[in-house]
Structures are given as C-alpha cells and as structure tokens.
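Inspection log for the structure reproduced underneath, given as structure tokens.
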Amino acid sequence: MIECIRLGSSFPRPRAFLRDLAKIEKQLRVPAGAQCELYCVDARRMRALNIRFRRKNRATTVLSFPVCTRFPAGGAQLMGEIYVNPDSIAAQPVPVRVHRGRVGFYGKFVYYIVHGVLHLRGFDHETAWFSRKRMEGVELRAWYTCFPNV
C-alpha cells in the first residue's frame with residue numbers, strides 16, 4: 001500500500017489519485033502487506049537528500065530509499081520511502097516514453113511515483129543498458145494502466 005504521508009496542502013487527495021495508486025501497486029506486484037511512504041518535498045529538501053545520499057549537489061524529481069526487499073509471510077512491512085519534488089516535476093518536460101498524448105502535471109507526477117516504486121522493487125537504470133530498458137518497459141506498462149487513453 002502506498003501511503004501518502006506528506007503531499008502538501010496544495011496537492012489534493014482526489015479519489016482518482018488513490019485509485020491510480022492501487023492500480024500501480026497491482027501492476028508492479030507490490031507484495032501484500034508492503035507499505036511505501038510517499039513524501040512531497042521542496043527543492044531545498046530534495047537537494048539536501050541528494051547531497052547526503054547520492055553526493056549530487058542538485059535537486060532531483062524523485063528519490064527512493066528501500067528499507068526491506070524480502071517480505072516474510074504475514075504482517076505489514078515497510079518497503080521504503082519515496083520523496084518527490086512537485087516543483088521539479090512540473091518543470092520537467094513530459095518523459096519522451098509517455099509523449100504519445102497530452103500529459104499534464106498529474107500524469108508526470110504519477111510517472112515519477114511509478115519510477116520511485118520500481119526503485120523500491122529493486123529496478124535500476126544506471127548500471128546497465130538492459131537494466132534500463134527493462135525498467136522502462138515495466139514503468140510504461142504501469143503508467144499506461146492509469147492513463148490508457150493517452
């Protein structure tokens with residue numbers, strides 16, 4: 001279950017968003033009982049996290065911090081935390097892979113949540129070309145479950 005911890009006062013919690021989170025969980029096969037915390041942070045906080053954990057002196061769109069990758073039977077387990085920077089997401093162009101139709105802020109926001117969940121599931125796009133291609137394929141399938149008509 002992706003739990004919205006801090007989305008900020010400007011981001012509404014519409015039913016559609018919660019419905020899309022459930023679709024993402026199902027498509028990405030998030031283990032039953034697994035929990036993922038979602039935080040929206042400003043550019044300053046995101047930059048500080050990026051410096052501390054990745055040694056990169058810039059804000060980024062999304063950071064994922066896995067906690068547990070193997071889940072024993074029964075009981076809820078924290079899968080990890082996802083930090084997203086809505087200002088950075090809004091400033092980003094639409095990812096080329098989802099550019100078939102018109103996608104606004106919400107579509108990009110969901111795309112980066114999918115990206116963060118995949119990192120929590122162990123996917124990586126920085127080590128090898130085939131790993132990146134595999135991640136992109138799964139990312140797109142999950143994203144299109146929320147936006148099938150784009």
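Determine Rg/Rh for region 111-150; Rg is computed over alpha-carbon atoms and Rh is the Kirkwood hydrodynamic estimate from the same atoms.
Values: Rg = 10.3 Å, Rh = 10.3 Å.
Taking Rh as the inverse mean 1/r over Cα pairs, Rg/Rh reads 1.00.
What is the extension gain from residue 105 to residue 16, computed as 0.36 nm multiplied by their sequence separation minus the C-alpha to C-alpha distance, in nm to one decimal?
On the way: separation 89, 0.36 × 89 = 32.04 nm, distance 1.42 nm.
Stretched out fully, the residue 105 to residue 16 stretch lengthens by 30.6 nm.
Which ordering of 109, 53, 65, 123 is given by a fewest-first count of other beta-carbon atoms within 10 Å?
On the way: 109 21, 53 10, 65 14, 123 18.
Arranged by neighbour count, lowest to highest, 109, 53, 65, 123 become 53, 65, 123, 109.
Along the Cα→Cβ direction, 7 angstrom out, place labels at residue 94 and residue 57. What is the inter-label distance in nm?
If labels sit at residue 94 and residue 57, their model points lie 3.6 nm apart.
As an exercise, use a Förster radius of 35 Å and the Cβ-Cβ distance of residue 141 and residue 65 to find the FRET efficiency, rounded to the nearest 0.05. Could you put the intermediate results ahead of the total?
Values: r = 24 Å, r/R0 = 0.69.
Using R0 = 35 Å, I get an efficiency of 0.90.
So which aspartates and glutamates can residue 108 reach, going by Cα to Cα under 18 Å and dropping same-chain residues fewer than 8 places off?
The reachable aspartates and glutamates, counting only those whose Cα sits under 18 Å from residue 108, are 20, 25, 42, 87, 136, 139.
No lab work stands behind these numbers, since they all come straight from the coordinates. On a predicted model such as this, the values are computed, not experimentally measured, just so you know. Note that each Cβ is placed from the backbone with ideal geometry, even for glycine, and that neighbours are counted across all protein chains shown.
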